[in-house]
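Enquirer: Here it is, the structure in full.
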Amino acid sequence: MKVTNYLVLVQSRPFGVSLLIAGYDENGPSLYYTDPSGTFWQCNAKAIGSGSEGADSSLQEQYNKDLTLQEAETIALSILKQVMEEKVTPNNVDIAKVAPTYHLYTPDEVKAVITRL
């Protein structure tokens, strides 16, 4: 079974609430973006929050459905590193995967991804 990867970048957002909702079911992985008006879209790669315009553009350019999980992790963190005002560390970045089950990376797992950058 081939698992499609989805890329998600989230930074704090001071006005309104936007959400990225990721899940996995019998149809495979899904990613939805909701904006403050309540409108939602299904997407494959999305960034929201501070610096999201540049990050979202980079995600759209670099994402493809044939990425491995390791490639997706590296792309997501390298884009996040470009738009964050501070250094990317295991203390200020969380990574989670949802397919086929949810897993929040430990600080050591995040550090391993960061060292690949």
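Coordinate-derived values only; no laboratory data. Because the structure is predicted, anything quoted here is derived from the model rather than measured. Please note: Cβ atoms are built from the backbone with ideal geometry, for glycine as well, and neighbour counts cover all protein chains shown.
Enquirer: Looking only at chymotrypsin sites (Phe, Trp or Tyr not before Pro) in DSSP loops with at most 11 other Cβ atoms within 10 Å, what is the longest site-free stretch of the chain?
Expert: Result, exposed sites excluded: 16-101.
Enquirer: If you don't mind, there's one more thing I want to ask. Working from the pairwise distances between different alpha carbons, so that the mean of 1/r is found and then inverted, what is the chain's Kirkwood radius in Å?
Expert: In the chain this quantity evaluates to 14.7 Å.
Enquirer: Where in segment 38-117 are there GluC sites (Glu not before Pro) that are in a DSSP coil and have at most 16 other Cβ atoms within 10 angstrom of their Cβ?
Expert: GLU85, GLU86
Enquirer: Still on this model: Which whole-number percent is the relative contact order of the chain (Cα, under 8 Å, 6+ apart)?
Expert: Over the chain, the number comes to 25 percent.
Enquirer: Residue by residue through segment 55-63, which ³J(HN,Hα) values in whole Hz follow from phi under the Karplus form 6.51 cos²θ - 1.76 cosθ + 1.60 (θ = phi - 60°), with glycine and proline marked x?
Expert: 5, 5, 4, 5, 4, 4, 6, 9, 6
Enquirer: Of the DSSP beta bridges with both residues in segment 7-115, give the percent that are antiparallel, rounding to the nearest 5.
Expert: The antiparallel proportion sits near 75 percent.
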